[in-house]
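Written below as structure tokens is the structure these notes are about.
Derivation of every value follows stated rules applied to the coordinates shown; laboratory data play no part. Computed from a predicted model, the values in this text were never measured in an experiment. For neighbour counting, all protein chains shown are included, and Cβ atoms are generated from backbone atoms with ideal geometry for every residue, glycine included.
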Amino acid sequence: VKIRRVLIANRGEIAVRIIRTCRRLNVETVLAVSEVDRDTLPARLADRTVCIGPARPIDSYLRIDTVVQAALGVGAQAIHPGYGFLSERAALAQLCEHHGVTFIGPTAPQLALVGDKLAAREAAEATGIAVVPGGLVASVAEAQALARRIGLPILIKAVGGGGGRGLKLVQTAAGLAAALELAAAEAGAAFGDSRLYLERFVARGRHVEVQVLGDGTGAVVHMGERDCSVQRRYQKILEETPAPQLDAYLRQRLHQAAVHLAASINYRGAGTVEFLVDMERGEFYFLEMNARIQVEHPVSEMVTGIDLVAEQFAVAQGEGLRLAQEQIQPRGCALECRINAEDPARDFQPSPGTVTHVAWPAGEGIRVDTHVETGSKVPPFYDSLLAKIIVGGPDRPTVLSTMRAALARTELAGVATNIALHARILEDPRFVHGGVDTGFLAGVLEHAHTNPKVTHG
Amino acid sequence: VTLTARDVAEITRLLEDSQFAELHLEHEGLKLTLRRSGAPPAAATHAAPVAESAPQAAASERRTGATALAQSGAWHEVSAPLLGTFYRAPKPGAEPYVETGSAVQEDTIIGIIEVMKLMNTVRAGVAGTVVEILVSDGALVEYGQALLRVSPGAP
């Protein structure tokens, strides 16, 4: 079905991002907004808005029935869910299918499969991809037995979890029972699924993920990898491609593993296969698959020249893959800094408020994906992402220096941001060398309690 | 510049001494609505009696200001509590729940909003007379969209 009108069930920068591609493709956009998002940049850019409920996500952006009703009511042929919110909910894909609305994303069974972290692990193992040693535990006794077998420290993960939520690190056998109890309660409350599994904690690991695109019948291409090792409490804040200082053969195996996994489940649409690269063993393990467009997708677009959102539309309306693997030739490097409204002086607590002044950088090789302008409000109900500054260039030193200059030129007042933290990361010799592990940023924060340059309005 | 408790007391006295039932004041972003007790109420959560002590009055009047914003002139607008398809009658061909001129109580059903085959009744929320129906049968209504106008008070 040719998509002429799409309902965008999201907000913020990704809504702006999707609208931009829709304009190019001549697709009419209807933006679903909550009450507090009526007067935002994406609301003004969309051809039409439709108010789906009050500010709280549970009353608006997370309401599956309302979103589908809105699509039907405005005559949209498709729903683009963006990332977060309902993007990976099998129930939405199912309800769309039932009502003849195209869900721009994987099928409901695929979402159910990769959303169940254990089922996804099994699917990966079935295609010969290594997973971190571990498994499901139903009781404290089972957990203790498994912990003895795989060794401490271990990570407790929620089967229904993702995005770093519901994770607990356990260092000693004595701390296991209490951590399990807490994790089960949290997972039950957050995901409606209190099942837990354990994994060996890889101390020196890198987070490297592969962007894939599948046509839904088994044809899959990849668009290279992204290194997202710079994380704070499992939240990515800076991503780059290609992964620096990575063995060429390992890189090739990562790409192949991602393509095999996606092909084995006839994956449809854009997705990301995340791996943990064990730096000491030179091995890699499957972590999880994200069945959506990701926050950090622009770095892959920068080096490949592909518009991933446009490809999502193409697959959704049955055009299949428009590029063969040989035609996808990444060039140069790209880096993304996530600019969040959070206060480094208060342990990176979200910093809602009104942006009283903003000037984003521009220039050769710089792309800014944002919904924030002077006067924009940062409501307390949603995530704190203000913008993504993406820089592309022929090589990594050029990209780093362009990004440093871009950050220095960024002016933002009214809410606290993490801009100074990015500047510090970009100066760190370990980061400049490349190939840091996921523990890198915690170390930077621990050893540098210098006065953070916070901009207040 | 903000209004002090004393200012509000002063303004309240002005209203008391006047022949008007209601006073609206907008000053540098602050909206103040005072209504004489006995004047037709705007909605269920309506004005505190003007006899209240000044600081309390200031607080409750600000609330009234917010309620007043939901009104268009003297009418109370009944808005959609959720997005969906609005139906004026319990089933196709049946008599509409209300017509222009119908008297409604707070709990009178004025229509149905369907979301994915789930029917949600919408109540007037105010007693009065329906003066205008703003949405046609079967139309998509957004959250917060005005459905009809009610002239508050006894018919």
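Note on A:E181 and A:A55: with the Förster distance fixed at 30 Å, the Cβ-Cβ geometry gives a FRET efficiency of about 0.35. What separates the Cα centres of region A:369-385 and region A:135-153 is a distance of 43 Å. Using the average count of surrounding beta-carbon atoms within 10 Å as a protection proxy, the listed peptides A:181-192, A:261-272, A:389-400 rank, highest first, as A:261-272, A:389-400, A:181-192.
Under a 5 Å amide H cut-off, with hydrogens placed 1.01 Å from N, A:I339 pairs with A:L386, A:A387, A:K388, A:I389 among residues at least 5 apart or on other chains.
Placing a pseudo-label 7 Å from each Cα along the Cα-to-Cβ vector at B:R123 and A:L250 gives an inter-label distance of 6.5 nm. Taking a ≥ b ≥ c as the square roots of the Cα gyration tensor eigenvalues, with a/c under 1.5 meaning rounded and otherwise prolate when a/b beats b/c, else oblate, which class fits region A:309-457? Oblate shape, in that a/c is at least 1.5 and b/c is the bigger or equal ratio.
With Cα atoms defining each centre, region A:53-105 and region A:312-330 are spaced 24 Å apart in the structure. A cut-off under 13 angstrom between Cβ atoms defines the neighbours of A:G269, and their net charge, with Lys, Arg +1 and Asp, Glu -1, is -2. Ordering A:H422, A:H297 by the number of other Cβ atoms within 10 Å of each residue's own Cβ, fewest first, gives A:H422, A:H297.
About the Cα centre of region A:123-231, what is the dipole size in debye to 20, counting +1 per Lys and Arg Cβ and -1 per Asp and Glu Cβ, all else neutral? Before the final figure, lay out each step's value.
Working: 10 positive and 10 negative charges, 76 e Å.
The calculation lands at about 360 debye.
Ranking of A:Y83, B:Y87, A:Y249, A:Y234 by neighbouring Cβ atoms within 10 Å, starting from the fewest: A:Y249, A:Y234, A:Y83, B:Y87. Could you work out Rg/(2.2 N^0.38 Å) for region A:272-383, with Rg from alpha carbons only? Output field value: 1.39. All C-alpha to C-alpha distances of region A:50-171, sorted into 10 Å bins beginning at zero, yield P(r) values of 11, 33, 26, 18, 10, 1 percent in whole numbers. Hydrodynamic radius of region A:97-169 by the Kirkwood approach over all distinct alpha-carbon pairs: 14.4 Å. Backbone phi angles across region B:140-147, fed through the Karplus curve with coefficients 6.51, -1.76 and 1.60 (θ = phi - 60°), yield HN-Hα couplings of 6, 10, 8, 4, x, 5, 6, 9 Hz in residue order; Gly and Pro are listed as x.
Here the extension length gained between A:R165 and A:T354 equals 65.3 nm, from 0.36 nm per residue of separation less the Cα-Cα distance. Descending by average beta-carbon neighbour count within 10 Å, the peptides A:16-24, B:78-86 line up as B:78-86, A:16-24, the highest first. Rounded to whole numbers, the Karplus 3J(HN,Hα) couplings from phi for region A:255-270 are 4, 5, 4, 5, 5, 4, 4, 4, 5, 5, 10, 6, 4, 10, x, 8 Hz, using 6.51 cos²θ - 1.76 cosθ + 1.60 with θ = phi - 60°, and x at Gly and Pro.
Considering only DSSP beta bridges whose two residues both sit in chain A, what percent are antiparallel, to the nearest 5? Write down the numbers at each step before the final one.
Values: 65 of 80 bridges.
Percent antiparallel among DSSP bridges in chain A is about 80.
Here's how it looks for B:A139: its modeled amide H is under 5 Å from those of B:F86, which are all 5 or more places away or on a different chain.
For the residue pairs A:K157/A:K377; A:K2/A:K117; A:K168/A:K388; A:K117/A:K168, the C-alpha atoms sit more than 26 angstrom apart in A:K157/A:K377; A:K2/A:K117; A:K168/A:K388.
Distant-in-sequence amide contacts of A:V50, defined by a placed amide H-H separation under 5 Å and a gap of 5 or more residues or a different chain, comprise A:L31, A:A32, A:V33.
What Kirkwood Rh does chain A have if only Cα atoms enter the pairwise 1/r average? Answer in Å.
Numbers: mean 1/r = 0.0442 Å⁻¹.
Evaluated on chain A, it is 22.6 Å.
With R₀ fixed at 51 Å, the C-beta to C-beta distance from A:L323 to A:Q144 puts the FRET efficiency at about 0.55. Under the simplified labelling scheme, the A:V131-B:A139 pair shows an inter-label distance of 5.3 nm, with each label point 7 Å from Cα along Cα→Cβ. Based on the alpha-carbon gyration tensor of region A:290-332 and its eigenvalue square roots a ≥ b ≥ c, which shape applies: rounded if a/c is under 1.5, prolate if not and a/b is larger than b/c, or oblate? Note, shape of region A:290-332 comes out oblate. Other protein chain C-beta atoms within 10 Å of residue C-beta, averaged over B:74-86: 3.
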